[in-house]
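The structure appears below as structure tokens.
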DNA sequence: TAGATTGTTAATCGATTAACAATC
DNA sequence: TAGATTGTTAATCGATTAACAATC
């Protein structure tokens, strides 16, 4: 049975869709896995303040989620709480860390050492979570030989030997999009089985390789969508009857529009502070902060 | 009716959970909104190659999603295809751009100009999507006066005047976590209603303000979870009968473990290349690349 | 007309949530 | 014991997907 190639095993980012791989590994839902890091961060903060126990209500508030959801999430891990009392902070930190695989050492290579590669190399949240930067790699001779976060930037030629000798199983791609697939192929060939992709490209990988994607521009676009809704009902609405006309007519209309000037970009609407409290249903995301800075300010 | 404060209006990141705000704005599901940028990117790439039409099957492959899902997603926007033919690329680019609000200009401020702030300022994907960096702000006198991406770094003191005079409604926070809430408060007070948060903190905002969160460390943790599963059934399993013992006993056991050495960190398991093809269900995420590089390599 | 492909339906699946019995 | 809080159930909701009638 040949190793099939499939576009993207997993995914991430914005809301980033929802249910992916069943993650039957002991049956923990993917949505729960994605929240474990949030709980862990909140718990670590409590631990540092020497708080001994915490209730689901308190912890849920700190992590920005609903307490029923938190209890349900924890129930997949086991019965780690005490009725009438709550959860032992240290114990839960340990259990979640173990579940996430953070009680072991994960050497990571970062490929593409531009600003973002630098930012990631300096990101304190890595080391504190069991991740260790095994190497920084770049193809540009002007970058190779330099350093970031105290580590030397090495040439792409060393990729295979580093991955193999250091047993690297996680690779981070921060190259331009044109280089990403090629870098990905080399990482996979060398033995990497998990990839965090910052390049705006869909990566194709063999079965058994996980890809997660972070796309900065997508996040902003999703914000823009909601922002647009706040500022009145689409004030720059350019729609015309043509938009509902039969295909060929519409297509011609679209071409006319484009020929007439870009993609209809207009001023306006950033009438900021549209303070209408859109009664959008809330729902938490995010975690509580104990991690080192993303980067020095 | 006072403006209530609620933790995080929206969210993002890992898989980042799933259904959030109903986004009843014309009834487009949040999961669909999150995929529109992916389709847009794939379509833009086709447009640049002057491809006139595309079928749902082709476009879905390029965007890394299932074609039924894509057609369902498009059905929320309207009937923009032609049966037996497919979709007109230019027309669809226009419609999705309009739906996302990208046919207007969105001035953005970036607060916290470290490596990540620099990376974002240089991120080409912004300008090409209707986003314009109105200002770069930092609190550090050593950073203020410098420049990034050809723009001067200005002092935090100017935040309010810039937001107001330039009608900025979107703010990006790339500060250390300790400063994030304070920066967020000032942005909101000045009139910003959408925030993209890179600091590992849960931000509290009033109703009507959207927050999306990108957490680099969370992505890696989710990868580690799956990576751990690949390398055999939890090889460094430290669990003992104590883990199922009653609360107080377990708590004591946890403390013993911690006292005995960190959080149980162990070597091993990065037995890389665990080439078992875990038969995980696939599901696409990510988009096709036409965006400028995340950063220069 | 015949072939192709959309748009929609309906079934399925997974995630969220309130509520409450179990139990500390 | 009384109060508190977990862990689980069951209902609800939203997202995914295959299948196919509509229609170009």
Single residue of the stretch A:51-64 satisfying the filter (within 12 Å of chain B (Cβ to nearest Cβ) and more than 12 Å from DNA strand D (Cβ to nearest atom)) that is farthest from the chain's Cα centre (by Cα)
A:52
Enumerated strands (runs of 3 or more DSSP E) restricted to the stretch A:177-228, each holding at least 3 residues that are in contact (Cβ under 8 Å) with a residue 24 or more places away in the chain and farther than 27 Å from residue B:199 by Cα:
A:204-206
Near pairs, Cβ below 7 angstrom, 6+ apart or cross-chain, from the stretch B:136-165 (over 24 Å from residue A:114 (Cβ atoms)) to any residue that is part of a loop (DSSP other than H, G, I, E, B)
B:139/A:297; B:155/B:144; B:156/B:139; B:162/B:168; B:163/B:191; B:163/B:192; B:164/B:191
Which condition does residue B:68 not pass, out of (1) more than 12 Å from DNA strand D (Cβ to nearest atom); (2) within 23 Å of residue B:31 (Cα to Cα); (3) surrounded by fewer than 14 Cβ atoms within 10 Å (Cβ to Cβ), if it passes all the others?
(1)
Report yes if some residue within the stretch B:39-47 is assigned to a helix (DSSP H, G or I), farther than 16 Å from residue A:218 by Cα and more than 10 Å from every other protein chain (Cβ to nearest Cβ); otherwise report no.
yes
Any residue at all in the stretch B:150-164 that's modelled with pLDDT of 95 or more, farther than 26 Å from residue B:209 by Cβ and either outside any loop (DSSP other than H, G, I, E, B) or in the same structural domain as residue B:74 (by TED's automatic domain parsing) (or both)?
yes
If I ask for residues that are at pLDDT below 95 and either under 14 Å from residue B:36 (Cβ atoms) or under 25 Å from the mean Cα position of the chain (by Cα) (or both), which ones from the stretch B:65-79 would you list?
B:78
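The values are calculated or read from the model by the stated rules, or taken from the named source; none is laboratory data. A quick note: this is a predicted structure, and the numbers were derived from the prediction, not measured. We place every Cβ from the backbone using ideal geometry, glycine too, and count neighbours over all the protein chains shown.
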